[in-house]
1. Rounded if a/c is under 1.5, else prolate if a/b is larger than b/c, else oblate: which is the range 2-132, with a ≥ b ≥ c the root eigenvalues of its Cα gyration tensor?
2. Quick one: net charge of L103's neighbours, Cβ under 10 Å, K/R +1, D/E -1?
3. For the range 2-132, what proportion of DSSP beta bridges, expressed in % and rounded to the nearest 5, is antiparallel?
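Every number in this text was worked out from the coordinates using simple rules, so none of it is lab data. Everything quoted here is computed from the prediction, not taken from an experiment. Neighbour counts run over all protein chains shown; Cβ positions are idealised from the backbone, glycine included.
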Amino acid sequence: MKIITATLLAHTVALVSAAQVAVRYDNTYDNPSNSLTKVACSDGEHGLIYGFNTLADIPSEVASISTISGWNSAVCGQCYSLEFEGRKIHFLGIDSKPDGVDLSERAMDRLTSDRATQLGWVMADLQMVESELCGMGGRGKRAVGFEA
């Protein structure tokens, strides 16, 4: 419990102010019928499968992000914002990756003014934000300052 809280606190402190991260796209997240059973935030205490079955069920963009260390991470379902050249999007972290953020191509197009395939990847400002910004309302398990 102390390790999880310390890890979450470290992530929260690191992301309270914007941090530059590499952002790419992965077409896996463009398919709304993809099951949540295939992501790190599927089941377990912090899993999203209990409220959602597919990507289409989630009310915001989704992504894999390096703050999610693996299955059942305490930051599963955290809402984030990305800002690039004055454009901002919000997304829910649902899967792990070693570094940066992987969005759907659609979300990266929104972030980059329809230049996802042209640019391939960008450096953008990442910040943890309240779950309401990802359309989670009262359903959001995560918010800035959440403790497991």
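1. oblate
2. Once positives and negatives cancel, what remains is -3.
3. 70
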